[in-house]
Amino acid sequence: MRFSFGNLLRQARAGHTGWGPQWRDAEPKAAYDVVIIGAGGHGLATAYYLAAEHGICNIAVLEKSWLGGGNTGRNTTIIRSNYLCEESEALYEHAMKLWETLSDTLNYNVMYSPRGVLMLAHNEHDIRSLKRHIHANRLAGIDNEWLTAAQAQAFCPILNIDADLRYPVLGAALQHRGGVARHDAVAWGYARAASELGVDIIQNCEVTAIRRGTDGAVEAVETSRGRIAAKKIGVVAAGHTSVVMAMAGLRMPLESFPLQALVSEPVKPVMPCVVMSNAIHAYMSQSDKGELVIGAGTDAYVSYAQAGGLHIATHTLEAICELFPVTRRLKMLRNWGGIVDVTPDRSPIIGLTPVPGLFVNCGWGTGGFKATPGSGHVFAATLAHGVPHPIAAPFTLDRFRTGRLIDEAAAAAVSH
Amino acid sequence: MLLIPCPYCEEPRPEIEFRYGGEAHIARSADPTGLSDAALADYLYFRSNPKGWHYERWQHQSGCGRFFNAVRHTVTDRIIGTYKAGEPKPDLALYRVRAGS
Amino acid sequence: MSRPTQRFRTAAGGRIARARTISFQFDGRRYTGHPGDTLASALLANGVHFVGRSFKYHRPRGIMTAGSEEPNALVTILQGRDRQTPNVRATDIELCEGLAAISQNRWPSLAFDAGALSGVLAPLFPAGFYYKTFMGPRFIGSNWLWPKLFEPLIRRAAGLGRAPASRDPDHYVNRYAHCDVLVVGAGPAGLAAALVAAEAGATVIVSDERTEFGGNLLSAFDAGHDGDLSAGVNAHRWREQSLAALAANARVTLLPHTTVFGAYLQNFYGLAERLASHHGSPPPGLPRERLWQVRAQEVVLATGAIERPLVFSGNDRPGVMLAGAVRSYLNRYGVMAGSRAVVVTDCDTSYAAACDLKRSGVDVPLIADLRSDVGGAAIDAAKQAGITVEAGVNVLGTTGRHRITSVLMELGPAGARERRAVPCDLVLMSGGWTPSVHLYSQARGKPSWSEGAQAFLPSDPVPHVHSAGGCAGTTDLEQALRSGAEAGAAAARALGLTVSAEIMTVADPDPVLGSRAGAPVMAPPSADAFIDFQNDVTTRDIQLATQEGFRSIEHIKRYTTTGMATDQGKTSNHNTIALAAGMLGRDVAVVGHTSYRAPFTPVTFGTLATTARGSLFEPLRRTPIDAWARAERATFEDVGQWQRARTFPLRSENQQQSIQRECLTVRCAAGVFDASTLGKIEVVGPDAATFLDRMYLSPLAKLAVGRCRYALQLNEAGFVIDDGIVARLAPDRFHVTTTTGGAQRVLTLMEDYLQTEFTDLTCWLTSITEHWGVIAVQGPRARDILEPLIAGLDISAATFPHMSVGTGEIAGVPMRLFRVSFTGELGFEINVPSNYARDIWELVEQSAERHGGTVYGTDAMHLLRAEKGYILVGHDTDGTVTPEDLGFGTGAKKVDFVGKRALARPDMLKSDRLHLVGLLAEDPQHVLEEGAQLTQAASPANGARADGHVTSAYMSPALGRSIALGLVAGGRARHGERLFVPMPSGPIAVRISTPLFLDAKGARLHG
């Protein structure tokens, strides 16, 4: 049944008995044209666009646990496209354009809320870096503007711009179209839309091996629910990508780290936008429910435990309390971790692999949520045609051999 | 916060005294100019990133300053042993017997 | 005469100090209570149940529990504007004089709340309704209705209390601690464990979230006599004796009002201690809360169990409480929570509460047991007390607006079932007990389902973690004590201690008998049978979620928001799981539980941020010249952790004028600059030269003693990461400088290579950044300024040419003198021990002044070096720049060095890489903006590729025009070409030039 106010009204009268399952809990078939490993936002989006735009509907999305339960359901939902490198700008702006109509596309309110993302500058180096972003973004047609500290405070009144702060706010870059969305809804919306197009979403189905034929090309996956033949396999397993790729005998330029986030107890609206400070590691927005949603850093070491050290959370709250002093008496309600797969240049890998028929979409690090629609869209095209979508083309695995890195981190993080 | 036994200080110390140094036993070639681009990429960027026992480098930065290796399980985060830089990769089975796991 | 208050206070008993009366306010009304009360118990003593509104439907809600699991009674504490604290549980707040609290999530008042309209519309708002609507509209471009209309409405309706409007005047502190045994929870099991472990010789920390230790013992009926001591002691006396023994033991630390909120790796625990919140007017200087970070050898978790609500229609009305809570209010606080109480239950423990109420004079017309077959000691005791017990009861609903007035039920034998409305003002409900396995689970234990206990219990052992008492599934006092003592003994033995203590036998005069396990939850979908009381999740919502295909418990949780409120599902998670299992036709064990995440109860941000505030947020590094510069009213900038003097404006000058004057003076006479922040590393040893030769692009192996060389450092990927001067003081001794921000990074990198890769080399690295203060003297008069001050070193042009290093004395102080220049002028850098730097600085500055010189700051330094095209790493480079990009040849050095191989990768050899160039705006007065893009077209189309960008830009006083440096694709081959900087105000034409604007031949440098 279509989601609409009218149907909600009708169902209210009928006691909501008419709503069917949002997606089919499918049993695995013996063979598929495409098997996608990982039913997170990126994997589900890939399946949806394969079915919706490339007419490939004989797809299975395999999930070892519950769909949307990895980083999709654990991130702080920040959306923005004001990246520096031209390749990244194209990718994230492509995603941004899809966000703007995503609720309508999926007939699922993903609650994309362009409330504005402020990135703070705390020293001269930050100012130069943010202004470089702004100029680059303007050239690319991506909105991003410079605000003085006073203007930044006008946009986010609880922001502390005192000059005697240890790291005072000297200004900010603002992307108006940046904002947040409801993470679960993104996974569920894609799952529902893909399922409607015939995609099989198979949960509690862990891939244990990738089988290759005599020609070296992929043939099938072995799973906890049996063997599933596949003409093409797309690995979209985020923090577990290295583990899955190892099944095909491939080493990846990835390391998996625990990334923590936390929320406060819900309070009445106090934070109208998203604020990010790279320099002192603090990211905060407020959810529709009223919780302050705060991103913390990664732990230092490779780990697959979805939990991290207390010192990471406390370090983040130190910064939050300085930047937003009115939050000091609020309380941390929940602190959790996800596992992020990080590449050496902090940019994703989207495309072909040395194994014929095996494709990979990974390495989104700490910022993959914002790219979900774009990532799925270009990866679907790449899978469908067997050649990289033009936007995905620079994000090859091969760039680590040639040295043509897309290094967002290096561009932002080096101080003198 | 991990508790890491520094093999030089011979004492477990809290993680914040240490700096993580990535996967261990990835040796720099004695003659890097002889490496192919692919081999260089492998050295620079490709990592085993296992879900399980991991040989990794740490530096006791706020302590003795020395680099050493640790064997840690990446799911339980349990460290079953540390050893000095340059020492050969220890036999995991031996460690596990000693650690009783 | 004031009106009578505390109408529901018992005549005697309880742990309150009746002799003193405390006055407090709730929603503006005055009430009284006694020390020992919580806000909740004092309100109940005054007959107030209705204290809040629920999150979604704004339904009236009352106090339901007596502990930190409370979902309903959240209030805002007012303590002046600055100390207002939202979302505080009334059941946790200790009453103090003058306490003022207000209810939340209601407007205009608690009794008349406009938000209650949403309750009327509830049929429209089932779980997840917002995913199905508020989209579009398509005709004006989609995604308008949500962000512009509905989201703001929903946001206003959501949230609970308000954040404070101003800054927190309180402060917080931090303490690290180590102990042999950490005991979490000071109920009977925890106390027993602590006694045994302490007696065995362990250092023990015992913490409990409540003020008084004792846990459930405090809620037990106290007969007031010691009973028969031969059979053991009364539970209350046992508690007192145990506490006295622990308090007298120097190895034991008792931490009341301290919540162990998180378990981390290797027995590392986070504790939040509340120090001030129970003081009406805290003594000045008292921290509000303290964060403890405890590393324990062994841990005993004695966190008890939480009673479950029963799931029936109308189970949320004020006056419906957990049975154990009612008992606690009665026995511990001397409060009768009502005058006519009905018990609805499916476990035995609530019978004791009924008996206690009856004994206190509360009318208890009925215990309605949902189980069809009941019997045993607890039931017999209730019947003996004269209470009617009905089995096989089906609760149909309740009535009452702001307080319950009756329970509607179906009862009687099969075939003769009757419906009856039982009038009451209090309902005690109990659906069994849920062990608090939160910390066990956080410690990476895996709770597993026990059919007998109808609960998830600790199962597989976690090393050095011992669960005891209610959280391990014990069901009576004797078991709890035994399990506590065993856990304490196990912990002590694990420490290698000998256990000798025996736990006193306790004759429990207050037996809470029978099963604590509730029956499996089965409730029909209903729009007002609540599971999660705070988030208004009903059985119908759970049903809808399963109907819509949400079958994982995590999906059900997220779709319905059950368990996601401020209580994190302490009272709701079990019921959710059990109901979902029923609806999905699966075993509870298969459905499983959601993750238990830290914190156990919410923790104040300030407590976690502790003392990192203001100047303590991060250390501030100051140079030895800092105080002098501040006295001279210099302006400053942050560079890494340092603050560096940026300009030294004269009274009449603005920033820009100051820079221009400082630069001109350097070029015409001389300038003195504080370069103390430069990173400095001393490299000593027989292989020092070889080592440095491998670490830097520049050839250093054959550097002569007494000479310096500019050196670029690459990472193994071939990108420039740092630069500095390498000076050879002796055959085996080098003085190496790094960038200000790179000092630690470079030292770490060099240590790494030295210790792990270049192990064939012998040398030692020492950070000497803080050891030497550095004073740069730059300009044509530099030598004249220094010569009179220096002894032991001839600094004439002939004997001490550019890039020399030597030692000598300046004003009697030993120095290392470098003839180096970052300005293109004749220049020296004096290194003196830091504690002399200020004195020497003043001498040099005075000498400079005599020669027409000035002091200058980092802004002038930046400008002066740009005129010469000297790069600033991190300013003109960004981690993606190779030495070739900067114009440094890399082919000459044949031997291997870090990064050499990577420079031969295909992409590094491309001709269209970004090269460092000079940029001259065609309008010489126009200063470009750093970071601006460069394009071939004056007005590039959207999405046009940039040819590069501006990295540095200044107005050069020496040249009388603007200059800039930039990175341009293939730029070295494009000198003279015209590019544009497309600015919002219009394009600016620029010409590419060589990045060297002044004194190309270096005559000034070598002067």
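A compact table of results
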quantity: Per principal axis, descending, Cα span of the range C:45-109 in whole Å; calculated: 30, 26, 22
quantity: Gain in span if fully extended, A:N7 to A:D33, counting 0.36 nm per residue against the direct Cα distance; calculated: 5.8 nm
quantity: Other protein chain Cβ atoms within 10 Å, averaged over every residue that makes up C:636-644; calculated: 3
quantity: Probe 1.4 Å, all protein chains present, accessible-area order of A:H122, C:H279, largest first; calculated: C:H279, A:H122
quantity: Backbone N under 11 Å from the C:R340 label point (7 Å along Cα→Cβ), restricted to the range C:406-433; calculated: C:406-407, C:422-426
quantity: Efficiency of FRET from Cβ geometry, C:A421 and C:R401, R₀ 22 Å, rounded to 0.05; calculated: 0.90
quantity: Distance-filtered residues of the range A:46-88 - backbone nitrogen under 15 Å, label point 7 angstrom along C:K910 Cα→Cβ; calculated: A:85-88
quantity: Computed [θ] at 222 nm, deg cm²/dmol, chain B (DSSP H ≥ 4; -39,500 (n - 2.57); rounded to nearest 500); calculated: -4000 deg cm²/dmol
quantity: Restricting the range C:47-109 to trypsin sites (Lys or Arg not before Pro) in coil, as DSSP defines it, with at most 15 other Cβ within 10 Å; calculated: C:R81
quantity: Chain A: angle of helix A:183-196 to the longest principal axis, Cα-based, in degrees nearest 10; calculated: 20
quantity: Degrees separating the helix A:310-323 axis from the principal Cα axis of chain A, which is the longest one; calculated: 50
quantity: Cα-Cα over 19 Å, subset of A:K289/A:K331; A:K231/A:K370; A:K97/A:K131; C:K702/C:K894; C:K868/C:K1001; calculated: A:K231/A:K370; A:K97/A:K131
quantity: Förster radius 60 Å - calculated FRET efficiency between C:M983 and C:L117, Cβ distance, rounded to 0.05; calculated: 0.70
quantity: Interface residues in the range A:385-403 - accessible area drops by 20 Å² or more relative to the isolated chain, probe 1.4 Å; calculated: A:F400, A:R401, A:T402, A:G403
quantity: For the range C:911-1007: Kirkwood Rh in Å [reciprocal of mean 1/r, alpha carbons]; calculated: 13.6
quantity: Where trypsin sites (Lys or Arg not before Pro) fall in DSSP loop in the range C:375-477, at most 16 other Cβ within 10 Å; calculated: C:R401, C:R417
quantity: Accessible area buried between chains C and A, both sides summed, probe 1.4 Å, in Å² to nearest 100; calculated: 10500
quantity: Summed buried accessible area for B+C [probe radius 1.4 Å, Å², rounded to 100]; calculated: 2200
quantity: Fraction of accessible area attributable to carbon and sulfur, the protein assembly as shown (%, probe 1.4 Å); calculated: 54
quantity: Förster radius 35 Å - calculated FRET efficiency between C:T611 and C:H1006, Cβ distance, rounded to 0.05; calculated: 0.10
quantity: DSSP bridge orientation in the range C:1-167 - percent antiparallel, rounded to nearest 5; calculated: 90
quantity: Structure-based [θ]222 nm, chain C - -39500 (n - 2.57) summed over DSSP H runs of at least 4, per residue, nearest 500; calculated: -6000 deg cm²/dmol
quantity: Global geometry of chain C, whether rounded, prolate or oblate, following the gyration tensor of its Cα atoms and the 1.5 cut on a/c; calculated: prolate
quantity: Cα-based convex hull volume of the range C:624-717 per residue, rounded to whole Å³; calculated: 175
quantity: Virtual paramagnetic centre 7 Å along Cα→Cβ of C:E653, amide N under 19 Å, in the range C:935-962; calculated: C:954-962
quantity: Degrees between helix A:86-100 axis and first principal axis of chain A (Cα, 0 to 90, nearest 10); calculated: 80
quantity: Exercise: per-residue mean of other protein chain Cβ atoms within 10 Å, A:126-138; calculated: 5
quantity: Distance between modelled label sites at B:Y8 and A:T208, nm, 7 Å Cα→Cβ extension; calculated: 4.5
quantity: Estimated distance in nm for a label pair at C:A973 and C:D363, the labels positioned 7 Å out from Cα along Cα-to-Cβ; calculated: 10.1
quantity: Filtered chymotrypsin sites (Phe, Trp or Tyr not before Pro), the range C:92-180: DSSP coil and at most 10 other beta carbons within 10 Å; calculated: C:F112
quantity: Over the range C:149-263: Rg over Rh, Cα atoms, Kirkwood Rh; calculated: 1.20
quantity: Computed label-point distance, nm, for sites C:T766 and A:K231 using a 7 Å Cα→Cβ extension; calculated: 7.1
quantity: Debye log10 I(q)/I(0) at q = 0.04 Å⁻¹ for the protein assembly as shown, Cα point scatterers; calculated: -0.29
quantity: Cα gyration tensor shape for the range C:309-431, rounded if a/c is under 1.5, else prolate or oblate; calculated: oblate
quantity: DSSP-defined beta bridges in chain A - what % are antiparallel, rounded to 5; calculated: 70
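The values are calculated or read from the model by the stated rules, or taken from the named source; none is laboratory data. Since the model is a prediction, treat every value here as computed from it, not as a measurement. Counting neighbours? That spans all protein chains shown, and the Cβs are built from the backbone with ideal geometry, glycine included. Each accessible area value is taken on the protein alone, full model and side chains, heavy atoms only, with ligands, DNA and RNA left out. Shrake-Rupley method; radii C 1.70, N 1.55, O 1.52, S 1.80 Å.
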